[in-house]
Structure formats: C-alpha cells, structure tokens
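Step one of this worksheet: look at the structure below.
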Amino acid sequence: PDFDASREKLQKLGEGEGSMTKEEFTKMKQELEAEYLAIFKKTVAMHEVFLCRVAAHPVLRKDLNFHVFLEYNQDLSVRGKNKKEKLEDFFKNVVKSADGVLVAGVKDVDDFFEHEKTFLLEYHNRVKDASAKCDRMIRSHKNAADDMNRIASSLYTLGTQDSMDLCKFFLKVSELFDKTRKVEARVAADEDLKLADLLKYYLRESQAAKDLLYRRSRALVDYENANKGLDKARAKNRDVLQAETSQQLCCHKFEKISESAKQELIDFKTRRVAAFRKNLVELAELELKHAKGNLQLLQSCVGVLNSNT
C-alpha cells in the first residue's frame with residue numbers, strides 16, 4: 001500500500017493545527033481518515049484476490065510455505081530486497097531480455113501458442129496504456145476535489161465576514177462545494193479500487209503469461225537443439241546414449257510445460273473476462289450513484305438559493 005500522500009497530509013495536519021480553524025482541522029482529519037480507509041480496503045481486496053488464486057492453483061495450494069503462512073497467527077516481518085538482490089535481478093532480466101529476442105524469432109509449431117503469443121503482446125501493451133491513462137484520470141479527480149476544497153474554504157471565509165444576504169449565499173455555495181468535493185474524492189477512490197487496481201493486476205498477470213510463453217519457447221528451442229544433437233551423434237556414432245537421454249528429457253520438459261501452459265492460458269482468459277465484467281459493472285453502478293448524488297446536491301442548492309431570493 002502507498003501511504004506516502006496520506007503521510008504528507010498527516011504531517012501538514014500536525015504542523016498546521018495551531019493555524020487552522022476548528023472546521024478546517026475537522027475537515028482535513030475526515031479526509032485523511034477516508035483516504036486511509038480507502039487504501040486499506042484496496043490492499044485487503046488485492047491480497048484477497050492473490051490468496052484466492054494461490055489457494056485455487058493445483059500445485060501452489062499444496063506448498064508447505066503457503067500452509068505455514070495461512071496458519072501463522074503472529075505478526076509477519078517482511079523486508080524489501082537489498083542492493084545485491086536488486087543487482088542480481090537486474091542482470092537476470094538483461095540476460096532474459098537478450099535470450100527473449102533470440103527465442104521470439106522461433107515460429108511455434110502449435111497454432112494455439114502462436115496466437116497467444118501475438119495476442120498477449122498486444123494485450124499487455126493495451127493494458128499498460130490503459131493503466132497509465134486511468135492513473136491520470138484518478139489524479140484529475142483528486143485535483144478537482146482539492147480545488148473544490150480550497151474554493152469551499154474561501155467561500156466559507158467570505159460568508160463568515162458579515163450577516164448580509166450575500167454572505168449567506170457564500171455559505172450555502174461553500175456547503176455545496178464541500179459536499180461535491182466528498183463525492184469527487186469518493187469517485188477517485190472507487191475508480192482506484194475498481195479499475196486502476198484491476199488494470200495493474202492484469203498488467204502483472206499478462207507479463208506472467210508472457211513469461212510462461214517465453215519459458216515454453218525456451219523449452220522448444222532446447223528440444224529442437226537436442227534433436228539436432230541426437231542426429232549428429234547418430235551420424236558420428238558417438239555419445240548416442242547421452243544424446244538420446246538429453247533429447248528425451250527435453251521432450252518430456254517441453255510436453256509437460258505445453259500441457260500446463262495451455263491450461264493456464266485458458267484459465268487466464270476465463271478469469272480476466274469475469275474480473276473485468278464484474279469490476280466494470282460495479283464501477284458503472286457506483287459512477288451512476290455518484291452522478292445522481294451530485295445532481296441532487298445541485299438541485300437542492302439551487303432550490304434553497306431560489307427560495308431565499
């Protein structure tokens with residue numbers, strides 16, 4: 001979870017407590033509480049999805065470490081990677097990228113995997129682009145909420161200067177901006193939870209699917225090289241048994257990963273279609289709810305202002 005923005009606001013709240021009015025302090029405190037709650041809900045939701053995936057996996061669900069994790073009833077201590085581990089990962093990725101370029105040029109013997117390879121490259125790029133645009137959209141909603149907050153505070157200050165009718169007007173409009181700010185912040189939180197997280201999750205999932213296809217392509221190349229090695233060994237009548245053993249191992253590895261990869265990719269399609277349908281329907285319902293709420297606020301405010309004129 002990313003609590004950095006909320007921590008900054010918390011620090012500002014502590015530093016500016018003496019210079020704020022009671023109303024401003026209460027408002028900022030409520031904002032922080034809402035932000036922390038939204039981040040907590042989002043974190044719990046993502047962990048739930050991940051753990052359900054592991055629990056449903058035919059191999060990983062039997063893993064001893066997973067069972068220990070589920071049954072552990074004390075606080076968990078998790079550390080980040082140190083510099084050495086990060087450097088090792090960097091070099092592994094460089095080697096993998098270079099090898100991936102060589103493997104990518106190999107034409108797949110199975111039409112299913114050839115289609116999946118083409119599709120996943122396009123899908124991954126589209127999800128990556130959508131994720132970046134979604135983040136910008138959410139940031140715009142948050143900026144709009146912050147602007148509404150500043151406008152509401154300024155109007156409230158103007159409204160408390162005097163008891164004139166104009167000041168009452170300022171107070172009423174200030175109340176409208178304050179309420180619409182809350183709705184706008186709620187819209188941003190819902191889009192973050194229902195859409196941004198979903199896109200980021202399936203960005204990682206599509207990368208994992210691409211990695212799976214890379215491992216299968218690597219196994220295919222190894223199998224083809226083993227076949228060539230066996231042909232050479234038979235032609236020279238030297239180390240034939242060793243070449244046959246190597247060829248059989250490569251064949252078994254390739255067939256095994258092909259079988260499991262096919263099922264994984266079919267499951268991935270079923271899972272992502274269901275997840276996008278569920279989250280997009282829920283998000284649309286929430287957006288409609290917030291839009292209706294905003295409309296009611298505007299109608300109510302206009303009604304009150306008309307009755308006072």
message: My understanding is that a pair violates if its Cα-Cα distance is over 22 Å; which of K41/K269; K232/K256; K117/K262; K117/K194; K210/K262; K194/K262 do that in this structure?
response: K41/K269; K232/K256; K117/K194; K194/K262
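If you take the beta carbon distance between R139 and K41 as r and set R0 to 22 Å, what does 1/(1 + (r/R0)^6) give as a FRET efficiency, to the nearest 0.05?
Values: r = 19 Å, r/R0 = 0.88.
Efficiency, rounded to the nearest 0.05: 0.70.
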task: Determine, for each peptide in 207-216, 236-245, 32-41, the mean count of other beta carbons within 10 angstrom over its residues, then list the peptides with the highest first.
output: 207-216, 32-41, 236-245
message: Once you place label points 7 Å from the Cα toward the Cβ at V54 and E224, how far apart are they in nm?
response: 3.7 nm
message: Testing the spin-label approximation: label points 7 Å from Cα along Cα→Cβ at R271 and E259. State their distance in nm.
response: 2.1 nm
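FYI, it's all coordinate maths here, none of it is from the lab. Being a predicted model, the structure only gives us computed values, none of them experimental. No Cβ is skipped: glycine too gets one built from the backbone with ideal geometry, and neighbour counts run over all protein chains shown.
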